[in-house]
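Q: There's a structure below that I have some questions on.
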Amino acid sequence: MGHYVEVESGVNVFVEDVGIGQPVVFIHGWPLNNKSFEMQISEVVQAGFRYIGIDLRGYGKSDKPWSGYDYTTQAADVKAVVDHLGLEQIVLAGFSMGGPIAIRYLTKYGTEGVDKLLLMGAAAPLFTQRDDFNIGMQPAEVDDIIAQIQKDRPAFLAQFADMFFEQEKSEEFLKWFQQLGLEAAAHSTIHSAIALRDEDLRDELAGISLPTAIFHGQKDQICPYELGEELERQIPNAYLVPFADSGHGINGDEPDKFNEELVRFLKGATGPKTD
């Protein structure tokens, strides 16, 4: 079932709503949409949970206004969806850019109505380096990405698809992945890239008290694995699940392990599976 939710006057976002049970609110990464979780929908629903997949403003089937791509506005959009659908005891599940949006949601609205937090390849607490933070891209590298988008967005997205995964993918899969990015507006991807480059969530981690799982690929070329380690250090009550054979796209590189760990966490696991 699909919904359109008005998150502010004249701006509607699309929400995929499948199944019954405790809601798991998936927040996608840049520059994708909720279709990027298609390999998780059946697993979530069959395990007795409700899949809520939001196309963030500017992406997928959602409206594409000129502004509102900072984390605070995107978090407000997620809150509008949660309130409109009357969701309770949600699991917030943020992938890549969706990770910092989920964190900002908790900073702004607190933990009432939220049961757990899942961060997947999260671009947090910072996506770019600072004088006192040496993990991630240089800000100038993001500027170069923006320039590539402005020059030839389809070509950039094809290159980005190759960087995204560690495991070899079929040509058809990569074309599908590229198309997800093309469903976004160019200005949306650029403005979100600016947010990724500039926003800083380091002061927002210690206040997270929820049970938190951190899934991260050890061969991630976009959000280095060290970010996952940093999140585990800074967030109380968090555990890190390493994906040794994954790049950034952990749910595509190791789907079986990803889905197993996802369902374990949803059902109450407090640490990664041990062999």
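Q: Condition first: under 28 Å from Phe165 (Cβ atoms), out of contact with any Asp or Glu (no Cβ under 7 Å at 6 or more places or on another chain) and not in a helix (DSSP H, G or I). Now tell me which residues in the range 222-238 satisfy that.
A: Ile222, Cys223, Pro224, Ile235, listed by residue number.
Q: Would it be correct to say that Lys219 is more than 20 Å from Ala102 (Cβ to Cβ), open to solvent by 30 Å² or more (accessible area, probe 1.4 Å) and modelled with pLDDT under 95?
A: For Lys219, the condition - more than 20 Å from Ala102 (Cβ to Cβ), open to solvent by 30 Å² or more (accessible area, probe 1.4 Å) and modelled with pLDDT under 95 - is not met.
Q: Any chance you could count how many residues in the range 210-240 are closer than 19 Å to Val24 by Cα and β-branched (Val, Ile, Thr)?
A: 2
Q: For the range 152-208, name all the residues that are open to solvent by 60 Å² or more (accessible area, probe 1.4 Å) and among the aromatic types (Phe, Trp, Tyr).
A: Trp176, the sole residue that qualifies.
Q: For the range 233-247, give me each residue that is open to solvent by 60 Å² or more (accessible area, probe 1.4 Å) and either farther than 18 Å from Phe258 by Cα or among the hydrophobic types (A, V, I, L, M, F, W, C) (or both).
A: Residues satisfying the conditions are Arg233, Gln234, Pro236, Asn237.
Q: Give the range 6-19 a look and list any residue that's touching a Phe, Trp or Tyr at 6+ places or on another chain (Cβ under 8 Å) and either buried (at least 21 other Cβ atoms within 10 Å of the Cβ) or part of a strand (DSSP E or B) (or both), or say none.
A: Asn12, Val13, Phe14, Val15, Glu16, Asp17, Val18
Q: Determine which member of the set Glu226, Glu183, Glu232, Glu168 is modelled with pLDDT under 95 and out of contact with any Ser or Thr (no Cβ under 7 Å at 6 or more places or on another chain).
A: Sole residue among the options that is modelled with pLDDT under 95 and out of contact with any Ser or Thr (no Cβ under 7 Å at 6 or more places or on another chain): Glu168.
The values are calculated or read from the model by the stated rules, or taken from the named source; none is laboratory data. None of these values were measured; they are calculated from a predicted model. Note that each Cβ is placed from the backbone with ideal geometry, even for glycine, and that neighbours are counted across all protein chains shown. For accessibility, only protein heavy atoms count, side chains too; no ligands or nucleic acids. Shrake-Rupley method; radii C 1.70, N 1.55, O 1.52, S 1.80 Å.
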